[in-house]
1. Would you mind listing the helices (runs of 4 or more DSSP H) fully within the stretch B:1-93 where at least 1 residues are outside the structural domain of B:LEU210 (by TED's automatic domain parsing)?
2. Looking only at residues that are more than 16 Å from the ligand (Cβ to nearest atom) and touching a helix residue (DSSP H, G or I) at 6+ places or on another chain (Cβ under 7 Å) in the stretch B:25-78, which one is nearest to the other protein chains (Cβ to nearest Cβ)?
3. Among the helices (runs of 4 or more DSSP H) confined wholly to the stretch B:158-218, which include 1 or more residues that are under 19 Å from B:PHE97 (Cα atoms)?
4. Sort through B:GLU300, B:GLU278 and tell me the only one that's surrounded by fewer than 23 Cβ atoms within 10 Å (Cβ to Cβ) and within 30 Å of B:CYS334 (Cβ to Cβ).
5. Does the stretch B:79-94 hold any residues that are basic (Lys, Arg) and away from every other protein chain (no Cβ under 13 Å), and which are they?
6. Out of everything in the stretch B:240-259 that is surrounded by fewer than 20 Cβ atoms within 10 Å (Cβ to Cβ) and among the basic types (Lys, Arg), what residue ends up being nearest to B:PHE62 (Cα to Cα)?
7. Could you look through the stretch B:406-415, keep only residues that are near the ligand (Cβ under 7 Å from one of its atoms) and within 13 Å of the chain's Cα centre (by Cα), and pick out the one that is modelled with the highest pLDDT?
8. Only residues that are in contact with a strand residue (DSSP E or B) (Cβ under 6 Å, 6 or more places away or on another chain), of a type outside the set (A, V, I, L, M) and within 14 Å of another protein chain (Cβ to nearest Cβ): list them for the stretch B:433-465, please.
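The values are calculated or read from the model by the stated rules, or taken from the named source; none is laboratory data. This is a predicted model, so every value here is computed, not measured. For neighbour counting, all protein chains shown are included, and Cβ atoms are generated from backbone atoms with ideal geometry for every residue, glycine included.
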Amino acid sequence: MTREEIRKAIIDILADIAPDEDTSGLKDDVGLRDQLGLDSMDFLDIVMELRKRYNVEVPSPDYPQLATMTSCLNYLSPKMA
Amino acid sequence: MPKDQLKGIQDEYDVVVIGSGLAGLTCANILGRMGRRVLILEHHYQLGGMATWFKRKRGHIFDISLHGFPHGMVKSCKRYWNDDIASRIEPIRGIRFDNPQFSFETTYDRKDFTRILMERFQQPKERVEDFFDKARSFNFYDDDGTTTGQFLERCFPGRNDVHHLLMEPIAYANGSTLADPALTFGIVFSNFMSKGVYIFKGGTDLMIGLMKKELIENGVDIRIYSDVQQVQLAGGKVAGVVCNGRPIKCKSVVSNANLKVTIQHLIGEEHFAPEFVESARRVRLSSSSCQVYMGLKAGESFEYLGDLFFTSTLDHFDSVALCAKDVTSRTFSCYYPDTRPGSGRYSIVSSTNANWEDWATLSEDAYEAEKAKLIEETILALERYLPDIRGKLDWIEAATPGTFSRYTKTMQGATFGTKFEGLGVSKGIPEQVPGMWHAGSVGIIMSGWLGTINYGVIVSNEVDSYLSRNKAV
Ligand SMILES: Cc1cc2nc3c(=O)[nH]c(=O)nc-3n(C[C@H](O)[C@H](O)[C@H](O)COP(=O)(O)OP(=O)(O)OC[C@H]3O[C@@H](n4cnc5c(N)ncnc54)[C@H](O)[C@@H]3O)c2cc1C
């Protein structure tokens, strides 16, 4: 997947997890937690969806890598290449 | 011949879930939804574990643990169960306090508590704001050794009345005391304060019934009267369980049974490293409970008393006194007809925290006498607020630590699992025994309806990951 495709995949997952939030204007370098009001259970859901949809494994020590869109893309790009 | 409770099960499962408490049910539901082959084995005849109810003649239904939970339940039920279940969660109207230190009603959220702390307890706004912010900033992974008592004393020095207000509901919500880590208080208190207290409209029976329907739709097999005696290992990994004397093959097991029972009896200490066995032995259980269930005659009612009513006759707050058999503190959960729309019935459940040892050592006669005393003293306490209640009662009975232990196989009737150290031990099990997980009330923060549901989710993620990695097995 290209970086742009991965970005789209993450946005799709976020839209399902936070259906009441607007994901169109997400800033790449601001924490997802603050922008979308996510809590730790939401991050767990992102991890579960990544495995289900794309067969990507994010072990718990790596959860902090999902903090912003940019860090997500940096972390996931090699895994989803 | 006795009925074969295991009739019709498959030859092998991806996951066997031992126990149908809220953690077990939720974990099973998510794994079923992901397409895993899941079997739930429950020793009792009813699903739900401590999220339970019982029926008595003349139309009485009593809920055991439907007193209140934080708003987070809405999101968790929506996501890990379904919209129908989530839509039945509603805020309670009010919580009342009455004790020699203070007496009033509140909606039990940050806004109302800020007002109360400023107006009634004359606390400056900055101090109150600072307290709420500090309480919210605690993380479960950094325990700096501060106790709840120290934290409250630091925030409101010398104000036992304020500590009483802040601690009493939490002590009932998770059995914690002033000696438990401040972070457990901070996390649970902040969860409630975000939006107040909620309950499930329609009763626990409706909720568990809807959950069962969802599980079946997700392809989960469920068997009741099915007692698991042992988890079987092969080459150090989980290979199956023995249930009602019969082996069942599976790739992984999630035990929703008590943490210590899981390690010491279901798996066996010989399968763990000695240091792990030691730390598991050191895990302290939470306190237990006594309850008195009072059902009114059909057509009888009582005036609004709040939905939850925290009462105490002590002029100070004291965690030890809260569990003592010489009861000074009681929480009345008042159920009006709208709890179970269409029922028209009123009932009251009185809860007190209790020590297992105080009840376990009694002779049969002494036990019956203590139970009768508990009932009588509860009515007397209630008569202070509802003078004519005795004549309106149609059904009254009591549960003690032994009752809880008998029905849910919890160790020593522990109402809320274990103290904080249990969380690390629970999370450490899969490193010791691959394919094995524990999900259920532990660590104070992972207890209660919301805590156990969320813990079930956390474990389902790990089990799913394990099954993906071990596809070839
Ligand atoms: C009196 C009382 C009041 C409470 N009030 C509230 C409240 O108002 N709000 C709130 O949020 N929480 C409350 N709680 C706490 C809450 O009910 C529990 O924390 C939660 O339901 C526990 O869920 P669990 O997943 O840990 O499993 P449990 O409920 O402990 O269930 C475990 C299940 O496993 C089964 N089992 C055990 N061993 C075996 C075996 N070997 N084989 C087969 N099955 C087995 C048991 O039968 C049981 O069904 C209350 C608890 C009590 C007792």
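1. Numbers: elements: B:22-33, B:72-80, B:83-87.
Of the helices (runs of 4 or more DSSP H) lying wholly inside the stretch B:1-93, those with at least 1 residues that are outside the structural domain of B:LEU210 (by TED's automatic domain parsing) span B:72-80, B:83-87.
2. The extreme case among them is B:MET34.
3. Working: elements: B:160-174, B:182-195, B:204-217.
By residue number, B:160-174, B:182-195.
4. Being surrounded by fewer than 23 Cβ atoms within 10 Å (Cβ to Cβ) and within 30 Å of B:CYS334 (Cβ to Cβ) holds for just one of B:GLU300, B:GLU278, which is B:GLU300.
5. Quick first cut of the stretch B:79-94, residues basic (Lys, Arg) only: B:79, B:88, B:93.
Passing the criteria: B:ARG88, B:ARG93.
6. Ranking the candidates gives B:ARG246 first.
7. Top of the filtered list is B:THR415.
8. Passing the criteria: B:TRP437, B:TYR455.
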